[in-house]
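Just below is one structure, and these are the notes that go with it.
The values are calculated or read from the model by the stated rules, or taken from the named source; none is laboratory data. Remember, it's a predicted structure, so these values are computed and weren't measured experimentally. All Cβ positions, even for glycine, are placed from backbone atoms using ideal geometry, and neighbour counts span all protein chains on display.
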Amino acid sequence: MRDDRLSPFRDAHEDRNTARHVQDTPQTRAPAYRLAFADDDFLCRDELRPVRLQLELLKPQLLLDEMGIESTVVMFGGARIPEPANRDSARTQTLAELSGFYDEARLFARLMTERAVASGNRDNIIVTGGGPGVMEAGNRGAADAGGVSIGLNIVLPHEQAPNGYVTPDLSFNFHYFAIRKMHFLMRARAITVFPGGFGTMDEMFESLTLIQTGRMERVPFLLFGRTFWERIINWEALADAGTISDEDLDLFRFVDSAQEAVEVIDGWKMAPARAEIPGR
């Protein structure tokens with residue numbers, strides 16, 4: 001944290017420490033006496049939700065700025081996809097067959113991070129959801145290259161610790177899904193989506209919608225595993241039905257390997273955000 005304050009006033013840390021050692025009386029023990037910013041019960045009140053939303057947006061933003069991170073490569077993907085060495089423990093045969101994408105995710109992250117290291121760990125930093133499966137592979141690949149990577153965890157009813165490959169100083173935890181999604185995309189210069197379930201598809205479709213509607217600039221949008229995605233989603237049927245336009249099918253590309261993904265990113269021609277939605 002920065003310590004180059006120019007203010008002549010006592011800072012919040014000093015007063016919080018002083019308040020901890022004040023004389024013990026019925027008045028000082030009362031919740032009303034607690035400093036508002038040091039009162040967890042107060043901060044968790046329903047009325048403070050707007051403040052918590054702001055804090056959850058601001059904290060990662062400040063820390064990423066302080067680390068000098070300017071752009072990211074997003075990696076979405078399933079938490080249940082095992083690495084090939086553990087494919088026999090997969091819940092289904094399909095998950096076992098998808099284990100190869102763990103290695104592709106790891107290789108892709110390594111290739112992108114090697115470039116990030118060369119640039120001083122500022123551009124195209126890998127960011128994942130911080131969990132297991134494809135997320136672990138992404139952070140692991142960045143560690144293989146000797147670079148940093150970001151993990152954006154979310155508090156779930158069951159315990160989920162960050163995977164062990166996330167850079168500790170870039171391991172964040174969220175209460176609000178909406179704010180977490182903002183941090184995935186605010187610095188994104190490419191988005192990759194590996195096979196996954198509800199969470200992966202939620203992230204994929206929300207990101208595609210932002211690009212489709214012109215709320216976000218066009219960036220390389222890569223779906224790993226054509227066979228998987230064409231089996232799960234009938235993209236052509238959406239276009240035939242008119243619920244999306246034919247032009248919307250050009251918003252993403254299918255790839256099957258890390259090297260192919262890197263080549264698409266390298267050959268990407270920058271495009272501005274859409275000014276209108278085709279078919280409207």
Quiz item: Of (1) closer than 28 Å to residue 100 by Cβ; (2) surrounded by fewer than 16 Cβ atoms within 10 Å (Cβ to Cβ); (3) of a type in the set (Val, Ile, Thr), residue 255 satisfies all except one. Which?
Solution: (2)
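Considering only residues of the range 141-161 that are in contact (Cβ under 8 Å) with a residue 12 or more places away in the chain and small (Gly, Ala, Ser), which is surrounded by the most Cβ atoms within 10 Å (Cβ to Cβ)?
Looking at the filtered set, the residue picked out is 142.
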Exercise. List every residue pair whose Cβ atoms lie under 9 Å apart, where the two residues are 6 or more positions apart in sequence or sit on different chains, the first residue falls within the range 47-71 and is closer than 23 Å to residue 191 by Cα and modelled with pLDDT of 95 or more, and the second residue, located anywhere, is aliphatic (A, V, I, L, M) and loosely packed, with under 12 Cβ neighbours inside 10 Å.
Key: 62/1; 63/1
Practice problem: Please find, among 164, 138, the residue that is among the small types (Gly, Ala, Ser), modelled with pLDDT of 95 or more, in contact with a helix residue (DSSP H, G or I) (Cβ under 9 Å, 6 or more places away or on another chain) and crowded, with 18+ Cβ neighbours inside 10 Å. | Solution: 138
Practice problem: Just need a number here: residues in the range 81-101 that are assigned to a loop (DSSP other than H, G, I, E, B), at pLDDT 95 or above and either surrounded by 12 or more Cβ atoms within 10 Å (Cβ to Cβ) or touching a Leu at 6+ places or on another chain (Cβ under 7 Å) (or both). | Solution: 5
Exercise. Determine which member of the set 83, 114 is among the acidic types (Asp, Glu) and either in contact with a Lys or Arg (Cβ under 8 Å, 6 or more places away or on another chain) or in contact (Cβ under 8 Å) with a residue 40 or more places away in the chain (or both).
Key: 83
Quiz item: How do the pairs read when you match residues in the range 204-218 that are farther than 10 Å from residue 251 by Cβ with residues anywhere that are of a type in the set (A, V, I, L, M) and part of a helix (DSSP H, G or I), using Cβ under 6 Å and keeping only pairs 6 or more apart or on different chains?
Solution: 216/210
Quiz prompt | Residue ID - modelled with the lowest pLDDT, chosen from residues in the range 22-42 that are farther than 17 Å from residue 55 by Cβ and of a type in the set (A, V, I, L, M, F, W, C) | solution = 22
Self-check item: Identity of the residue in the range 104-148, among the hydroxyl-bearing types (Ser, Thr, Tyr) and either in a helix (DSSP H, G or I) or touching a strand residue (DSSP E or B) at 6+ places or on another chain (Cβ under 7 Å) (or both), that ends up farthest from residue 84 (Cα to Cα)
Solution: 113
Quiz prompt | Among the candidates 200, 192, 243, residue that is in a loop (DSSP other than H, G, I, E, B), at pLDDT 95 or above and of a type in the set (S, T, N, Q) | solution = 243
